[in-house]
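Peer 1: Quick one: the structure is below, and I'll ask about it shortly.
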Amino acid sequence: MNRQTPEILTVAGVGVALSGRAILDDVSFVIQPGEFTGLIGPNGAGKTTLLRVILGLQRPATGTVLVDGQPLSRHNRAAGYVPQKVLLEPDLPLRAKDLVALGMDGHRPGIPLRSAKRAEAVREMLHAVGADSFADARVGELSGGEQQRVLIAHALISRPRLLLLDEPLANLDIRSSQEIVSLLGRIATEQQVALLLSAHEINPLLPVMDRVVYLAGGRAASGTTEQVIRTDVLSALYGYHVDVLHVHGRILVVAGPPEVAAGLPAGAALQAG
Amino acid sequence: MGAVFEPGFFTSGPVHVAIAIGTVVAVVSAVTGVFTVMRGQSFAGHALTDVATAGGSGAFLIGMSPLLGFVGLSAAGAGVLEMIGVQRARGRDLATGLVLGVAIGLAALFLYLDTTATATTGATQQILFGSIFTAQASTIPIVVAFSAVALAAIAIAYRPLLLSTVSTDIAAARGASVRAAGLLFMLALSVSVGLSSLAIGTLLSTALLIGPPAAALRLVTGVGRALVVACLIGVGATWLGVLLAYDSYYWGSSHQALPVSFFIVAIVFAAYLLSGVGARARTGQSQAAARGRAATQGQAATPGRAATHSHATG
């Protein structure tokens, strides 16, 4: 496949099964350069698995993934990554700026050499994510929101064209969460990087999101918010009737009335917003 | 108890050898130990000392140098640990426990045979509590060579080790050789455990491996600085321990020198306790800084923005 693809990410027919249970089933979507895409779905929908497949950390049973038109290999790790659970212990002696510097060349063998150029690149990146004031603090002693900024800087300093973030808003308070969303929206434009961000809530992302990939029951629907977050599309995805409600600019996805949703566990509201 | 340096300290051959070996071993232990503590692999380090006990006592039994037994078997043990349980923390814990049990069993057998074969308890004393004062000058080149191997392994694996300490997923996603870095680290750990077993014995070698780095990590921030401070504490404790053990011969009237391992471990422990005071000063500063940042952010949030936040929570 020598065709020059404009897409930064192509996911085609990806299926993953773990011990006989289908986690992902025929998931397909594309992401254009510089786009902000929300990967939305309830807990257990397979969001983390999908991100791990795109990163090459997990091999799919079926389908292909192309990053920047190239199949994944050991040497094609074009995507930056901010995992959901990064346990930064307080006794880890790394400062915020050390962790960001590791993003440049931490995968290479040897001891890093100090240089003014490196330090300047790290300073610029810390500034871009608004982390100047805690550049010299231990990462383990930073707040959740501050750690998120440092991890984003760490992932961005290698200048990837695609950045994957796994539930970056989980465990953040409302204000930190809002600050991270606006920061990411700004970064997508300024750094010319496409973002794929997983979340179980869609509302915080509405102001910045270009497109949405909605995962439910291992299957995916993708497009603009208006195309995807609709009663018919999501009902087809879930396999039973759900209602999409718009309340003061917010979106709520709830299981349908009892007679329609018969056979579901009582009160199974599908929390998506 | 007389002078700080009792007569003959600076001219004693065994003291020279002890200082030379002790210094090299303390540096290797400190460097390896910083990564051991950061990676949370102290338990694996401890298990390897038990493997080293089996190796040292086995080597003694067949007339080999215990140092080769220490290093050889703990390297093999490290390989087994990596093979059985690298994937999950729980698997690693289990593998470590199993290897530890088998090693102690073998050590019990070998030490029994050593003692009955030679009709002395010298072997047991030497292997469990070290032999830095009875080591031959000819072992110095071997100690230096092993140390070079351990330090080279750490130097090569340095960046991928740090990255995988932060997150193995990030490291793997960047294409770092997480497995190779882990293997190089275990090689360095096993060599370092073998060397410190020679110096202060297998029972106490964990103290030299973990103590100085644990104190350093409480005191300073930055991996480079932690390595330097851990080396200073380790080397300082070793020198002071050798001096006190030498001097102890002149304490009282019985003319019985006390074991050097005891002094080194006691000084390391004292350094760790003292580091708590320094650590409180350091965390006090960083907590004040964090409160300062939180306060500035609080001022920046206007009531208008607060309304947007509640709107966005759905």
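The values are calculated or read from the model by the stated rules, or taken from the named source; none is laboratory data. On a predicted model such as this, the values are computed, not experimentally measured, just so you know. Note: ideal-geometry Cβ built from the backbone for every residue, glycine included; neighbour counts use all protein chains shown.
Peer 1: Out of all the residues in region B:119-173, which are farther than 25 Å from B:L184 by Cβ and free of Cβ contacts under 8 Å to residues at least 12 places away in the same chain?
Peer 2: Residues satisfying the conditions are B:A119, B:T120, B:T121, B:G122, B:Q125, B:S138.
Peer 1: Could you tell me whether any residue of region A:92-100 is more than 8 Å from chain B (Cβ to nearest Cβ), surrounded by 14 or more Cβ atoms within 10 Å (Cβ to Cβ), touching a strand residue (DSSP E or B) at 6+ places or on another chain (Cβ under 9 Å) and among the β-branched types (V, I, T)?
Peer 2: The answer is no; no qualifying residue exists.
Peer 1: Continuing with this model, one more query. Looking at (1) in contact with a Lys or Arg (Cβ under 7 Å, 6 or more places away or on another chain); (2) farther than 30 Å from A:L66 by Cβ; (3) without any contact (Cβ under 8 Å) to a residue 40 or more places away in the chain, which is the one condition that is false for A:R108?
Peer 2: The single condition A:R108 does not satisfy is (2).
Peer 1: With region A:160-224 as the region, which strands (runs of 3 or more DSSP E) entirely inside it contain at least 1 residues that are over 15 Å from the mean Cα position of the chain (by Cα)?
Peer 2: Those strands (runs of 3 or more DSSP E) span A:211-216, A:219-223.
Peer 1: Scan region A:119-128 residue by residue and report those that are away from chain B (no Cβ under 14 Å) and crowded, with 19+ Cβ neighbours inside 10 Å. Give the derivation first.
Peer 2: Step one: of region A:119-128, the residues away from chain B (no Cβ under 14 Å) are A:120-121, A:123-125, A:127-128.
Of everything in region A:119-128, those that are away from chain B (no Cβ under 14 Å) and crowded, with 19+ Cβ neighbours inside 10 Å turn out to be A:M125, A:A128.
Peer 1: Looking at region A:41-91 only, could you name the residues that are in a loop (DSSP other than H, G, I, E, B), at the interface with chain B (Cβ under 7 Å from one of its Cβ atoms) and touching a residue at least 60 places away in the same chain (Cβ under 8 Å)?
Peer 2: A:P83, A:V86
Peer 1: Next up: Go through (1) modelled with pLDDT of 85 or more; (2) within 12 Å of another protein chain (Cβ to nearest Cβ) and name the single condition B:A295 misses.
Peer 2: Exception for B:A295: condition (1).
A quick yes/no check of all residues on (1) in contact with a strand residue (DSSP E or B) (Cβ under 8 Å, 6 or more places away or on another chain); (2) more than 28 Å from A:E179 (Cβ to Cβ); (3) more than 14 Å from chain B (Cβ to nearest Cβ):
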| site | (1), (2), (3) |
| --- | --- |
| A:P207 | no, no, no |
| A:Y214 | yes, no, yes |
| A:A220 | yes, yes, yes |
| A:S235 | yes, yes, yes |
| A:D243 | yes, yes, yes |
| A:G256 | yes, yes, yes |
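Peer 1: Let me ask you something else. Please specify each residue of region B:191-221 satisfying the condition of being touching a Pro at 6+ places or on another chain (Cβ under 6 Å) and either surrounded by fewer than 23 Cβ atoms within 10 Å (Cβ to Cβ) or β-branched (V, I, T) (or both). Break it down into steps so the answer makes sense when it comes.
Peer 2: First, pick out the residues of region B:191-221 that are touching a Pro at 6+ places or on another chain (Cβ under 6 Å): B:217, B:221.
B:T221 - this is the single residue of region B:191-221 that is touching a Pro at 6+ places or on another chain (Cβ under 6 Å) and either surrounded by fewer than 23 Cβ atoms within 10 Å (Cβ to Cβ) or β-branched (V, I, T) (or both).
Peer 1: Kindly indicate the residue of region A:208-242 that is in contact with an Asp or Glu (Cβ under 9 Å, 6 or more places away or on another chain), of a type in the set (G, A, S) and assigned by TED's automatic domain parsing to the domain that holds A:V27 and also surrounded by the most Cβ atoms within 10 Å (Cβ to Cβ) among those meeting that condition.
Peer 2: Out of the qualifying residues, it is A:A220.
Peer 1: I would also like to ask the following. Here's a check for you: in region A:101-118, which residue that is more than 9 Å from chain B (Cβ to nearest Cβ) and part of a helix (DSSP H, G or I) is surrounded by the most Cβ atoms within 10 Å (Cβ to Cβ)?
Peer 2: Here the answer is A:A101.
Peer 1: Looking at region B:1-17, is at least one residue of a type in the set (D, E, K, R) and under 30 Å from B:S254 (Cβ atoms)? Talk me through it step by step, then tell me what you get.
Peer 2: First pass over region B:1-17, keeping only residues of a type in the set (D, E, K, R): B:6.
Those still in the list that are under 30 Å from B:S254 (Cβ atoms) too: B:6.
For region B:1-17, residues of a type in the set (D, E, K, R) and under 30 Å from B:S254 (Cβ atoms): present.
Peer 1: Take B:I142 and decide whether it is facing another protein chain (nearest Cβ under 9 Å), surrounded by fewer than 21 Cβ atoms within 10 Å (Cβ to Cβ) and in a helix (DSSP H, G or I).
Peer 2: no
Peer 1: Here is a list: B:L161, B:L128, B:L151. Which entry is under 22 Å from the mean Cα position of the chain (by Cα), surrounded by fewer than 22 Cβ atoms within 10 Å (Cβ to Cβ) and either within 14 Å of chain A (Cβ to nearest Cβ) or closer than 30 Å to A:A79 by Cα (or both)?
Peer 2: B:L151
Peer 1: Here is a further query. Quick one: in region A:150-159, of everything that is facing another protein chain (nearest Cβ under 10 Å) and part of a helix (DSSP H, G or I), which residue is surrounded by the most Cβ atoms within 10 Å (Cβ to Cβ)?
Peer 2: A:H154
Peer 1: Filter region A:174-197 down to the residues that are within 14 Å of another protein chain (Cβ to nearest Cβ) and small (G, A, S) and list them by number.
Peer 2: A:S176, A:S177, A:S182, A:G185
Peer 1: Okay, next question. Condition first: modelled with pLDDT under 80, more than 29 Å from B:L227 (Cα to Cα) and among the β-branched types (V, I, T). Can you find one or more residues in region B:76-87 that meet it?
Peer 2: The answer is yes; a qualifying residue exists.
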